[in-house]
Amino acid sequence: MKFFVDTADTEEIRELSDTGFLDGVTTNPSLVAKTGRDFIEVVKEICDIVDGPVSAEVAATDFETMLEEGKKLAGIAENVAVKVPLTMAGLKTCSQLVKQGTQVNVTLCFSPAQAILAAKAGATYVSPFVGRLDDIGQDGMNLIGDIVQIYNNYTAIQTEVLVASIRSPMHIVNAGLMGAEVCTIPPQVFKQLISHPLTDKGLAAFMADWEKSGQKIL
Ligand code: G3P
């Protein structure tokens, strides 16, 4: 499974990139706004930090402007994946950009029917938002299971399922059980992935016993 981080904060991206576990980055207009920085500059900087795909989202809602914005974003660096919303204009933009060799992430996917359309538009990634479905009382992971199953029925579909709007490590575990290709993970959930109280307790006990033994390895 590939791990992307869902942030536009370059310090957080640097820190996670140093772990060697980071395969890419996703940003969105809300995450960019949170940084207070210039969008194009931030995307450039992120693309210098990571080699993997960096999702940068268009801001227009009409096809013509979206396409122009997408071309501009794709020109920033080779590893930019242009992010478009799951609307008719977004899907048309996706088809055009993919034909030109640009990676495209179709975002704001909330149904299997929408995911089928994203695949038909040739999307590199489709981003179903699991946490936001959970927030309204639906089971976000059911959507992932349905999309993975549908995509697996067709060898021609190359679109990867990018699980987005992740709220906890269990979303990632379940995404793995279902066979989703990518998870985009908020930095705080990235940190939660490694922690377990029994690991801390077990390590403290081993260290205490080692100390008592008076031995040294080096
Ligand atoms: O970047 C898209 C998605 O991951 C946003 O998540 O937490 O705003 O629902 P969230």
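The values are calculated or read from the model by the stated rules, or taken from the named source; none is laboratory data. All values reported here derive from a predicted model rather than from experimental measurement. Backbone-built Cβ (ideal geometry, glycine too); neighbour counts: all protein chains shown. All accessible areas refer to the heavy atoms of the entire protein, side chains included, with ligands and DNA or RNA removed. Shrake-Rupley method; radii C 1.70, N 1.55, O 1.52, S 1.80 Å.
Projecting the Cα atoms of Leu73, Phe4, Thr35 onto the charge dipole of the chain (Cβ charges, centred on the Cα centre) puts Phe4 farthest toward the positive pole. Residues of region 22-62 falling in the label zone of Thr87, defined by backbone nitrogen less than 16 Å from a point 7 Å along Cα to beta-carbon, are 29-30, 57-62.
Using a probe radius of 1.4 angstrom, the carbon and sulfur fraction of the accessible surface of the chain is 55%. Against the longest principal axis of the chain, how steep is helix 39-49, in degrees 0 to 90 to the nearest 10, with axes from Cα atoms? Result, in degrees: 50.
Per residue, the chain exposes 53 Å² of solvent-accessible protein surface, assessed with a 1.4 angstrom probe and all protein chains in place.
Close amide H contacts of Val80 (hydrogens built in the peptide plane, cut-off under 5 Å, sequence separation of 5 or more or a different chain): Val54.
Within the shell of other residues whose beta carbon sits under 12 angstrom from the beta carbon of Glu11, the net charge comes to -3, with Lys and Arg scored +1 and Asp and Glu -1. Less than 5 angstrom separates the built amide H of Thr26 from those of Val5, Asp6, Thr7, Ser55, all sequence-distant by 5 or more or on a different chain. Ranking of Ile166, Ile217 by solvent-accessible surface, largest first: Ile217, Ile166 (1.4 Å probe, protein heavy atoms only, all chains present). Amide H contacts of Glu160: Tyr125, Val126, each under 5 Å away and 5 or more positions distant or on a separate chain (H built 1.01 Å from N in the peptide plane; Pro and chain starts excluded). Counting lysine pairs in region 76-218 whose alpha carbons fall under 30 angstrom apart, excluding pairs fewer than 8 residues apart on the same chain, gives 9. The value of relative contact order for region 2-213, using C-alpha pairs under 8 Å at least six residues apart, is 16 percent. Taking the Cα centre of the chain as reference, the dipole from Cβ charges on Lys and Arg (+1) and Asp and Glu (-1) amounts to some 320 debye.
Look at where the Cα atoms of region 150-192 and of region 42-79 average out, and the two centres are 22 Å apart.
For helix 197-213, report the angle its Cα long axis makes with the longest principal axis of the Cα atoms of the chain; keep it between 0 and 90° and round to the nearest 10°. Here the helix axis deviates by roughly 30 degrees. Which value, in nm² and rounded to one decimal, describes the direction-averaged projected area of the C-alpha convex hull of the chain? One quarter of the hull surface, i.e. the mean projection, equals 14.9 nm². Computed from backbone phi, the HN-Hα couplings of region 104-118 come to 10, 10, 8, 10, 6, 8, 10, 8, x, 4, 5, 5, 4, 5, 4 Hz, rounded to whole numbers (Karplus: 6.51 cos²θ - 1.76 cosθ + 1.60, θ = phi - 60°; Gly and Pro given as x). In sequence order, region 121-127 has phi-based couplings of 7, x, 4, 6, 9, 10, 10 Hz under the Karplus curve 6.51 cos²θ - 1.76 cosθ + 1.60, θ = phi - 60°, and Gly or Pro positions carry x. Here the Debye sum runs over all C-alpha atoms of region 1-110 as equal scatterers in vacuum, and log10 of I(q)/I(0) at q = 0.20 Å⁻¹ comes out as -1.01. Comparing Ala81, Ala60, Ala156 in a Gaussian network model of the chain where C-alpha atoms under 10 Å apart are linked, the largest mean-square fluctuation is found at Ala156.
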